[in-house]
Amino acid sequence: MVHAQGVRKHFGKLEVLKGIDLTVERGQVCCLLGPSGSGKSTFLRCINHLDRVDGGKLAVDGDLVGYRQNGSRLHELREKEVAARRRDIGMVFQRFNLFPHMTALDNVMEAPVNVCKTDKSQARDEARHLLERVGLGDRAGHYPAQLSGGQQQRVAIARALAMKPKLMLFDEPTSALDPELVGDVLDVMRRLAADGMTMVVVTHEIGFAREVGDTAVFMDDGVVVESGDPRQVLVEPRQERTRAFLSKVL
Ligand code: ADP
Ligand code: MG
């Protein structure tokens, strides 16, 4: 589903991704870990066309996102193509970014109705179903301000799922939550994974990564330091840098 080979990205003189190799198979969960500033968010943003790849090769479901090799011209998509591809990728951020003036239900219905031109009553039915799936069937009429952070984040997940994505990207989805609200969000993600969703999850929840992840990738300073089975990478890391990081977050 995601295939990265030597992916590079820089902002001015700052090299943020220095040749990332990473593969996520369909139906798998890849957990990305690493210190702040190591390039995790930038990598997710490249997958989702929010940042442009400067070098190497990046493909989602066989479609090239960016490609440049041996000084050849960058493979670039037209705006329309980018919009179409982005519809297939759901993204959940640390901050939930719900529309504050809309109820939970309207937040979930918004994109299907306005972007996909789905029939309103069908979109409403699907949105209700999704809210039930994230455990918020009884909160459909609530506004974001009336919901806890964890509930808002679950609405954000439902909203992303409403577009029927083939890939879900999570960027530290529980980092902004009070500790007692983290579990409900992780449970929703765990069920999503069990249902077969392909997911790339940036998280410092080591327990989640170990239980749910099919692979764990440890990044530092724009490179993949080590990757593999989470039960190895996160329990018996081979690299000193991974070990040092884990001892800080555990
Ligand atoms: P992480 O998510 O691992 O904390 P990021 O991908 O957010 O790391 O950032 C990696 C580096 O890229 C940081 O040094 C950050 O300051 C820099 N960076 C990210 N986005 C931009 C941008 N739009 N312009 C300039 N520098 C950026
Ligand atoms: Mg980040």
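Taking all protein chains into account, the per residue accessible area for the range 134-186 stands at 36 Å² (1.4 Å probe).
Ranked from largest to smallest solvent-accessible area, with a 1.4 Å probe on the protein heavy atoms, Cys46, Cys116 come out as Cys116, Cys46. Using the Cα gyration tensor of the range 1-127, with a ≥ b ≥ c the square roots of its eigenvalues, what is the shape: rounded (a/c below 1.5), prolate (a/b larger than b/c) or oblate (neither)? It comes out prolate by the Cα gyration axes.
Among the listed pairs Lys40/Lys248; Lys80/Lys117; Lys120/Lys164; Lys9/Lys40; Lys57/Lys166; Lys9/Lys164, those whose Cα-Cα separation exceeds 22 Å are Lys9/Lys164. Surface exposure of the range 201-250, expressed per residue as accessible area with a 1.4 Å probe, stands at 49 Å². Measuring between their Cα centroids, the range 1-68 and the range 119-146 lie 33 Å from each other. Take Asp229: with every protein chain present and a 1.4 Å probe, its accessible area is about 70 Å².
Ligands, DNA and RNA aside, Ser247 has an accessible area near 90 Å² when probed at 1.4 Å.
Remark on Glu226: its backbone amide H falls under 5 Å from those of Phe218, a criterion applied only to residues 5 or more positions apart or on other chains, H modelled at 1.01 Å from N.
Taken about its Cα centre, the range 1-150 carries a charge dipole of roughly 480 debye when the Cβ of each Lys and Arg holds +1 and the Cβ of each Asp and Glu holds -1. Summed over the residues of the range 5-70 and divided among them, the accessible surface reaches 45 Å² per residue at a probe radius of 1.4 Å. Structure remark: mean-square fluctuation, Gaussian network model of the chain, C-alpha springs under 10 Å; the largest value among Asn97, Asn48, Asn107 belongs to Asn97. Between the helical axis of 104-114 and the longest alpha-carbon principal axis of the chain there is an angle of about 70 degrees.
For the chain, the longest principal axis of the C-alpha atoms and the axis of helix 120-133 are separated by about 70°.
Principal-axis analysis of the Cα atoms of the chain puts helix 149-161 at an angle of about 80° to the longest axis.
Each of Gln146, Pro165, Val134 was scored by the projection of its Cα onto the charge dipole of the range 128-180, and the greatest displacement toward the positive side belongs to Pro165; charges sit on the C-beta of Lys, Arg, Asp and Glu.
Dipole size in debye (nearest 20) for the chain around its Cα centre, Lys and Arg Cβ +1, Asp and Glu Cβ -1? Don't jump to the answer; show the numbers that get you there.
On the way: 35 positive and 34 negative charges, 143 e Å.
Roughly 680 debye, rounded to the nearest 20.
Could you work out what % of the accessible surface of the range 144-193 is carbon and sulfur, using a 1.4 angstrom probe and leaving DNA, RNA and ligands out of the count? Spell out each step's value before the answer.
Values: 820 of 1740 Å².
Heavy-atom surface of the range 144-193 belonging to carbon and sulfur, 1.4 Å probe: 47 percent.
Label the range 65-190 by shape, choosing from rounded, prolate and oblate, from the square roots a ≥ b ≥ c of the eigenvalues of the Cα gyration tensor; if a/c is under 1.5 it is rounded, and otherwise prolate applies when a/b is larger than b/c, oblate when it is not. Taking the square roots of the gyration eigenvalues as a ≥ b ≥ c, the range 65-190 is oblate. Considering only Ala176, Ala194, Val235, and ranking their Cα positions along the charge dipole of the range 176-250 that arises from unit charges at the beta-carbon of Lys, Arg, Asp and Glu, the one farthest toward the positive end is Val235. Dividing the helix sum by the residues of the chain, where each DSSP H run of 4 or more adds -39500 (n - 2.57), gives a mean residue ellipticity at 222 nm of -11000 deg cm²/dmol.
About its Cα centre, the dipole of the range 73-143 is roughly 240 debye, where the only charges are +1 on Lys and Arg Cβ and -1 on Asp and Glu Cβ. Taking a ≥ b ≥ c as the square roots of the eigenvalues of the Cα gyration tensor, an a/c ratio of 1.5 or more together with a/b larger than b/c marks the range 139-248 as prolate.
The values are calculated or read from the model by the stated rules, or taken from the named source; none is laboratory data. Predicted model only: the values in this text are computed from it and were never measured. Here Cβ is always computed from backbone atoms with ideal geometry, including for glycine, and neighbour counts include all displayed protein chains. Surface accessibility is based on the protein's heavy atoms, side chains included, excluding ligands, DNA and RNA. Shrake-Rupley method; radii C 1.70, N 1.55, O 1.52, S 1.80 Å.
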